[in-house]
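Let me begin by presenting the structure, written as structure tokens, before commenting on it.
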Amino acid sequence: MEFVILSRKIIPASLESFSLSTPRYRIDELPSLYPQPFQKSFPFSLELHAFLTGRLLKRRELPFPLPLIQQHYEHGFLQYEPAIAIKNDGRPVCKRCGNEKAHLFATIECFHCKRDCTYCRSCIKLGRITACEPLVRWTGPEWQYPLYDDPLSWTGTLSPGQKHASDLAVEAVRQQTKLLIWAVCGSGKTEVVFAPIAEALKKGGRVLLATPRTDVVKELFPRLKKAFPVAKITALYGGSEEVFHPAQLVLATTHQVLRFKQAFDLVIIDEVDAFPYTMDKRLQFAVEEARRAESPLLSLTATPSKQLLSTSPSLVKIPLRYHGFPLPVPTFSWCGNWRKRLRKNKLPPKLIQWLTERQPLKTPVFVFVPSIKILNEVGRLLLKENIPCETVHGEDATRHEKIERFRKGENSLLVTTTILERGVTIPNVEVAVLGAEDTVFSESALVQIAGRVGRSASSPSGEVVFFHYGKSDQMVKARRHIQKMNEEGKRFGLLSIM
Ligand SMILES: [Zn+2]
Ligand SMILES: [Zn+2]
């Protein structure tokens with residue numbers, strides 16, 4: 001797309017017939033972007049407003065004719081901007097994802113501008129963004145969301161720990177501050193954010209709940225719809241349908257957050273410690289861009305990193321599970337050189353014994369292993385020992401079916417890599433980790449794994465065993481982490497009855 005400049009205005013060259021001698025510019029070559037004065041009386045398009053509100057999109061992502069878009073620009077209702085800006089030191093920066101790393105830009109012979117054109121490799125998953133492409137931003141009036149007296153129709157009861165955290169979160173929304181909520185696995189953190197969400201919606205605010213995993217988006221969507229039946233809610237994840245109305249409550253995977261700019265009056269990030277959020281500066285950029293500068297930010301985690309704790313201005317802990325029982329403390333079981341055994345087609349006898357004890361009771365059991373290669377070996381050897389099982393890993397196309405079968409009790413032993421460390425709740429489950437000393441099992445991964453056990457009030461306990469060949473620092477830290485939370489939980493529990 002090329003522009004010509006005419007009386008301090010930019011006009012897409014394809015819109016009118018300009019003489020061949022009129023200079024044409026790509027968006028990134030214009031001497032100025034020539035913003036136009038806002039003309040209040042302009043009868044703007046509600047559909048375009050709805051589509052663009054709080055977003056920064058490529059021209060080609062807008063399902064509207066160019067003349068209509070241009071009219072909105074000419075009346076000050078929107079602005080064209082380059083997708084890749086050049087900083088003062090001459091280096092490129094991607095306006096969509098914030099990438100500034102030289103090696104994450106590349107050059108192609110561009111189909112659109114017929115020249116060599118820079119594009120951003122960092123956010124290519126959302127569709128290629130090139131230097132010649134204008135991004136479009138709404139600059140007209142803000143979208144007005146309805147105000148509600150009481151948008152929350154959830155009538156459940158919060159545990160004392162949940163209530164305490166929820167009250168502080170509501171206060172953070174009122175005061176427009178940041179709050180880190182450190183909630184042990186199984187404390188029921190979703191219910192904790194209901195009241196703060198309601199607080200923001202009441203005032204006509206727009207709310208984003210971002211989480212790293214598609215599974216969680218899908219799981220939370222019906223729960224939030226039920227809790228907030230009056231508000232428009234949308235769920236965005238890779239492969240979800242594009243939604244045209246500006247939903248007031250947006251549930252999105254962290255990648256999808258990149259499409260929003262200054263859009264939200266409250267941002268909640270679930271599992272703030274989890275991959276890929278902490279791994280990826282780009283997503284932190286995304287969250288900062290998606291919220292308005294003054295918006296409150298709530299972060300939820302069960303296993304905060306040191307860095308997160310040191311950078312969070314205020315913190316509230318929920319040290320107790322919602323049912324009030326302590327977290328199961330892992331036991332360590334030395335099982336010799338298990339890798340060497342596997343090479344000899346044998347499993348550690350201690351693991352076999354532990355699993356065999358559980359077989360007659362049909363206790364559901366997760367066995368976590370460090371890698372897919374080990375997963376396959378362990379699966380094969382268990383069957384050889386007449387211990388029925390299934391194996392599942394992150395790239396397994398049938399993983400949802402396998403987890404469903406496990407949930408229904410059709411299979412009571414699931415061997416898995418770390419994909420199941422978060423989110424999956426199975427009543428009565430017990431957990432073994434084979435090779436807990438392996439470096440893939442960090443303190444937080446092990447805490448999350450142990451957190452799978454005893455989540456339901458009807459079976460609040462259960463065993464967690466770390467089978468190892470020499471215990472690691474991370475194992476010791478994970479156990480201390482859990483014991484410390486239990487001590488705090490005890491104190492908190494006593495306090496809340498007093
Ligand atoms: Zn980018
Ligand atoms: Zn181009």
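Numbers below:
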| item | result |
| --- | --- |
| Complete set of residues in segment 81-103 that are within 12 Å of ligand 1 (Cβ to nearest atom), touching a strand residue (DSSP E or B) at 6+ places or on another chain (Cβ under 7 Å) and part of a loop (DSSP other than H, G, I, E, B) | ALA83, LYS95, ARG96, CYS97, ASN99, GLU100 |
| Selected residue (only one of LEU351, LEU355, LEU347, LEU375 is crowded, with 17+ Cβ neighbours inside 10 Å, touching a residue at least 24 places away in the same chain (Cβ under 8 Å) and part of a loop (DSSP other than H, G, I, E, B)) | LEU347 |
| Restricting segment 104-127 to residues that are within 13 Å of ligand 1 (Cβ to nearest atom) and at pLDDT 90 or above, the residue that is surrounded by the most Cβ atoms within 10 Å (Cβ to Cβ) | CYS120 |
| Some residue of segment 269-288 being at pLDDT 90 or above and of a type in the set (Ser, Thr, Tyr) | no |
| Members of segment 14-60 that are outside any strand (DSSP E or B) and within 16 Å of ligand 2 (Cβ to nearest atom) | SER14, ARG24, ILE27, ASP28, GLU29, LEU30, ARG59, ARG60 |
| Selection from segment 169-182 of residues that are surrounded by fewer than 18 Cβ atoms within 10 Å (Cβ to Cβ) and closer than 20 Å to LEU308 by Cβ | THR177, LYS178 |
| Per-region count, segment 289-308, residues under 17 Å from THR53 (Cα atoms) and not polar (S, T, N, Q) | 5 |
| Listing of helices (runs of 4 or more DSSP H) fully contained in segment 186-244 that carry 1 or more residues being among the hydrophobic types (A, V, I, L, M, F, W, C) and in contact with an Asp or Glu (Cβ under 8 Å, 6 or more places away or on another chain) | 194-202, 214-227 |
| Selected residue (criterion: farthest from GLU74 (Cα to Cα)) from residues of segment 10-23 that are surrounded by 14 or more Cβ atoms within 10 Å (Cβ to Cβ) and out of contact with any Ser or Thr (no Cβ under 9 Å at 6 or more places or on another chain) | PHE18 |
| Pair list, Cβ < 7 Å and 6+ apart or interchain, from segment 104-128 residues that are closer than 19 Å to MET1 by Cβ to residues that are among the polar types (S, T, N, Q) and more than 14 Å from ligand 2 (Cβ to nearest atom) | CYS120/ASN99 |
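The values are calculated or read from the model by the stated rules, or taken from the named source; none is laboratory data. These numbers were taken from a predicted model, which means no experiment stands behind them. Note that each Cβ is placed from the backbone with ideal geometry, even for glycine, and that neighbours are counted across all protein chains shown.
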